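The values are calculated or read from the model by the stated rules, or taken from the named source; none is laboratory data. Source: prediction; values computed, not measured. Don't worry about glycine lacking a Cβ; one is built from the backbone with ideal geometry, like all the others, and counts go over all protein chains shown. Protein only, heavy atoms only, side chains kept; ligands, DNA and RNA dropped before computing areas. Shrake-Rupley method; radii C 1.70, N 1.55, O 1.52, S 1.80 Å.
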Amino acid sequence: MATADARARALFHATFGTVPEGDARAPGRVNLMGDHTDYNGGFVLPIAIDRDTHFAYQPRADTLVRIVSEHGEPAEFDLADLSHGGPPWSEYVRGVAWAMDAQGTTGWDGAVATDVPLGAGLSSSASLEIATAEILSALARRPRDPLAMAEAGQRAENDWVGMECGIMDQLSVAASVEGSALLIDCETLSFEAIPVPDEVAFVVLDTSTRRQLTSSAYNERRATCERAASYLGVASLRHVDIQDLDRVVSSLDDVAGRRVRHVVTENDRVVQAAIALRSGDLDEFGRLMSESHASLRLDFESSTPLLDAIVEVATSLPGCFGARVTGAGFGGCAIAAVASGFTEEFEASLLDNYACRSGLKAQTFVCRPAAGSTSSIDH
Ligand code: GLA
């Protein structure tokens, strides 16, 4: 199949009858370590992946936005009069326009195509948001500012779409550096590229299950964490000292105590994982991944039996350093760190073993740490 870039251009041409001058590209992301820590002011370690969303576009002279997608109905709206409505995918575009205060900007005609699997926990929505932010920055002739674009994407999710996500997805999609993972401090919003050694490959393990209610389970987890932080008298769970963890956990009810234990130990694992990655200690990195999975399964309860099964199969195979559920969870994907020479054999055995255990056909692919979003326009 043609790449998303070519498909977006072809869709544009088929819809609007001209060749688009602009292309905004934003990758998906997969998180290596640190889940449900970003909205608790903690640390995360994602990579952008070499699968992109492309928005082929043509600036307009007025404030209209007319957009089409390979998935979903066409949409049309006016930047000068933003409101909800139209097909659900267009809410991400409207939401970013709203968050970037785009009333004064000119509109565009655009066509979207993506190679990021939808709804799999690989940030297809953040990639659409950041591709939109790239277009709006270009149209407003603003200098490219990855943090500002990420913050606009997050505001669009939180206040326009109603998903209370943190900053991880949007920031990794906008700011990643090729060949590196991005260590983000979600309190200070500082970030640093950590080079990924050539000896490791990351394999996405898609269980082929999707859960519709992800956002309600997610928002509920977030609310529990925030209630616990306020009960403990800290600004966020980032500020619970790991040395104090047993005492803190015993002061909370069972569920809140386990959620807090996950967040505090997970933050520590991100810091340790960044050190392990930097020094090329892949056994330690893999061990931390598997420990993280156990914490998400037992304490945060964001895994599912099929995610547990795929992780168990992965970690039993030769060459696998470790594996864990990734992103929000409640369905979707896990990620495995695998020795570079072993990936083909690993993927084949994983598909067989997972099919035997679950009766389901998983999807796997190796992803390379990619660069964050870009945009270009020919004049
Ligand atoms: C989703 C959210 C992120 C993050 C992860 C869990 O991907 O969008 O902000 O909270 O879940 O780590």
Exercise. Kindly indicate which of 357, 247, 259 is more than 16 Å from the ligand (Cβ to nearest atom), more than 20 Å from the chain's Cα centre (by Cα) and in contact (Cβ under 8 Å) with a residue 40 or more places away in the chain.
Key: 357
Quiz item: Of all residues in segment 318-328, which are in contact with a helix residue (DSSP H, G or I) (Cβ under 6 Å, 6 or more places away or on another chain) and open to solvent by less than 20 Å² (accessible area, probe 1.4 Å)?
Solution: 322, 323, 324, 325
Practice problem: Looking for whichever is away from the ligand (no atom under 16 Å from the Cβ) and either open to solvent by 10 Å² or more (accessible area, probe 1.4 Å) or assigned to a helix (DSSP H, G or I) (or both) here; the options are 56, 61. Which one fits? | Solution: 61
Self-check item: Hits in segment 5-44 - residues which are open to solvent by 10 Å² or more (accessible area, probe 1.4 Å), in a helix (DSSP H, G or I) and within 16 Å of the ligand (Cβ to nearest atom)
Solution: 38, 39
Self-check item: Any chance residue 119 is surrounded by fewer than 22 Cβ atoms within 10 Å (Cβ to Cβ), touching a residue at least 12 places away in the same chain (Cβ under 8 Å) and within 16 Å of the ligand (Cβ to nearest atom)
Solution: yes
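Would you mind finding the one in 203, 234, 196 that is without any contact (Cβ under 8 Å) to a residue 24 or more places away in the chain and aliphatic (A, V, I, L, M)?
Going through 203, 234, 196 in turn, the sole match is 234.
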Quiz item: Can you name the helices (runs of 4 or more DSSP H) wholly within segment 167-269 that have at least 1 residues being surrounded by fewer than 21 Cβ atoms within 10 Å (Cβ to Cβ)?
Solution: 214-232, 245-250
Exercise. Mind listing just one residue for me: the one in segment 67-98 that is among the aromatic types (Phe, Trp, Tyr) and within 29 Å of residue 209 (Cα to Cα) and, of those, least open to solvent (accessible area, probe 1.4 Å)?
Key: 89
Exercise. Could you please give the count of residues in segment 214-230 that are more than 14 Å from the ligand (Cβ to nearest atom) and among the hydrophobic types (A, V, I, L, M, F, W, C)?
Key: 2
Quiz item: Any residue at all in segment 99-116 that is open to solvent by 20 Å² or more (accessible area, probe 1.4 Å) and under 25 Å from residue 42 (Cα atoms)?
Solution: no
Practice problem: Exactly one condition in (1) part of a loop (DSSP other than H, G, I, E, B); (2) touching a residue at least 40 places away in the same chain (Cβ under 8 Å); (3) surrounded by fewer than 19 Cβ atoms within 10 Å (Cβ to Cβ) is not met by residue 1; state its number. | Solution: (2)
Quiz item: When segment 124-136 is examined, which residues are found to be open to solvent by less than 10 Å² (accessible area, probe 1.4 Å) and among the small types (Gly, Ala, Ser)?
Solution: 126, 127, 131, 133
Exercise. Being out of contact with any Ser or Thr (no Cβ under 6 Å at 6 or more places or on another chain) and open to solvent by 10 Å² or more (accessible area, probe 1.4 Å) narrows it down to one of 297, 278, so name that one.
Key: 278
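Yes/no matrix, rows are residues, columns are (1) out of contact with any Cys (no Cβ under 7 Å at 6 or more places or on another chain); (2) within 16 Å of the ligand (Cβ to nearest atom); (3) not in a strand (DSSP E or B):
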site: 324; (1), (2), (3): yes, yes, no
site: 330; (1), (2), (3): yes, yes, yes
site: 343; (1), (2), (3): yes, no, yes
site: 350; (1), (2), (3): yes, no, yes
site: 375; (1), (2), (3): yes, no, no
